[in-house]
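J.: Supplied in C-alpha cells, the structure appears directly below.
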Amino acid sequence: MGSLFATVIELVLVESACGRLEMWEMMKNEKLAEKAYRLAFEYEKIYHGCAQCVVAAVQDTFGLKNDDIFKAVTGCGGGGGGLCDSSCGAYVGGNVMLSWLIGRERSNFDNIDVSKTYELVRKLHKKFIEKYGCIICRDINMKIFGRPYYTADPDEYRKFQEDGSYTTKCTGVVGDAAKWVTEIIIQENLLPEK
C-alpha cells in the first residue's frame, strides 16, 4: 500500500512539474510574440518600411540574421513602392519570413510540393482577414485611418504621417504581423537547430 501511495504521489508531482513546464513554455512563447510586436512597432515608428520592420523584428526576436532577406523586401513597403495598391508590406514581410524558414530550396526546385509553406501563409492571411478584413494596403488604410492614401505623392505622404501612420496606425499593423509570424514559427517549431 505504501509503495502504491508513493507512486501516486510521484506521478502527481511529475504531472504538476510537467504542467508548470508547459505553462513556462506558454509564457515564454507569449513573451517572444510580444517582443516581436514591440520591436516591429518601434522599428516602424523609427525607421519606416513595414516589410523590413517585420523581417527585422522576427529575425531579432529569434536571433536570426539574414541581410539578403531584409534587403529583398525594401520595395514592398507601403503596399509596394508606396503605391498602396497591393499587399500590405507587413503581410509580405511575414510571408517572406515564413517562406525563408520552411520554403522550397533552389537545390530542390523540382519538388513542386509547397503545401506546408502555403498552409502557414494561409494562417497569417487568416489573421489579417480576422483583424483588418483584407491584406491590401489601401483597404487596411481605410480600416485604420478611415481613408486610403497614395503615399507616392508628397502631400498625401505628409497627411499619412500627420494622421498617425508612424505613431499608432501602421505601427500596430506591423506589430501584429510580427507577432502573428512569431506565433506561427513557435507553433510549427520552425526554428533552425543551432
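The values are calculated or read from the model by the stated rules, or taken from the named source; none is laboratory data. Quick caveat: nothing in here was measured; it's all calculated off a predicted structure. Cβ: placed from backbone, ideal geometry, glycine included. Neighbour counts: every protein chain shown.
J.: Could you list, in sequence order, all residues of the stretch 72-109 that are over 24 Å from residue 140 (Cβ atoms) and out of contact with any Ser or Thr (no Cβ under 8 Å at 6 or more places or on another chain)?
T.: Once the filter is applied, which keeps residues that are over 24 Å from residue 140 (Cβ atoms) and out of contact with any Ser or Thr (no Cβ under 8 Å at 6 or more places or on another chain), the stretch 72-109 yields 101, 105, 106, 107, 108, 109.
J.: If you don't mind, there's one more thing I want to ask. Check 151, 117, 171 and return the single one that is of a type in the set (Ser, Thr, Tyr), touching a helix residue (DSSP H, G or I) at 6+ places or on another chain (Cβ under 7 Å) and not in a helix (DSSP H, G or I).
T.: Answer to the selection: 151.
J.: On the given criteria, is residue 119 surrounded by fewer than 17 Cβ atoms within 10 Å (Cβ to Cβ), over 30 Å from residue 165 (Cβ atoms) and under 16 Å from the mean Cα position of the chain (by Cα)?
T.: Taking the combined requirement at face value, the residue satisfies it.
J.: In the stretch 24-48, what count of residues is obtained for those that are surrounded by 17 or more Cβ atoms within 10 Å (Cβ to Cβ) and more than 16 Å from residue 181 (Cβ to Cβ)?
T.: 2
J.: Another question about this same structure. I need a count of the residues in the stretch 174-194 that are outside any helix (DSSP H, G or I) and of a type in the set (A, V, I, L, M, F, W, C).
T.: Total satisfying the criteria: 2.
J.: In addition: Exactly one of (1) buried (at least 16 other Cβ atoms within 10 Å of the Cβ); (2) in a loop (DSSP other than H, G, I, E, B); (3) of a type in the set (Val, Ile, Thr) is unmet by residue 112. Its number?
T.: Among (1) buried (at least 16 other Cβ atoms within 10 Å of the Cβ); (2) in a loop (DSSP other than H, G, I, E, B); (3) of a type in the set (Val, Ile, Thr), the lone unmet condition for residue 112 is (1).
J.: Look at the stretch 61-74 and say how many of its residues are free of Cβ contacts under 8 Å to residues at least 24 places away in the same chain and in a helix (DSSP H, G or I).
T.: Result for the stretch 61-74: 4.
J.: Evaluate the following for residue 95: is it part of a helix (DSSP H, G or I), among the polar types (S, T, N, Q), modelled with pLDDT of 95 or more and touching a His at 6+ places or on another chain (Cβ under 9 Å)?
T.: So residue 95 fits the description; yes.
J.: Inspect the stretch 129-141 for any residue being under 13 Å from the mean Cα position of the chain (by Cα) and among the β-branched types (Val, Ile, Thr) and give the result as yes or no.
T.: no
J.: A further question follows. Taking the stated definitions as given, is residue 182 crowded, with 22+ Cβ neighbours inside 10 Å, hydroxyl-bearing (Ser, Thr, Tyr) and in contact with a Phe, Trp or Tyr (Cβ under 7 Å, 6 or more places away or on another chain)?
T.: No, not satisfied.
J.: Does the stretch 70-101 hold any residues that are crowded, with 17+ Cβ neighbours inside 10 Å and either within 16 Å of residue 47 (Cβ to Cβ) or out of contact with any helix residue (DSSP H, G or I) (no Cβ under 9 Å at 6 or more places or on another chain) (or both), and which are they?
T.: 70, 73, 76, 77, 78, 82, 89, 90, 93
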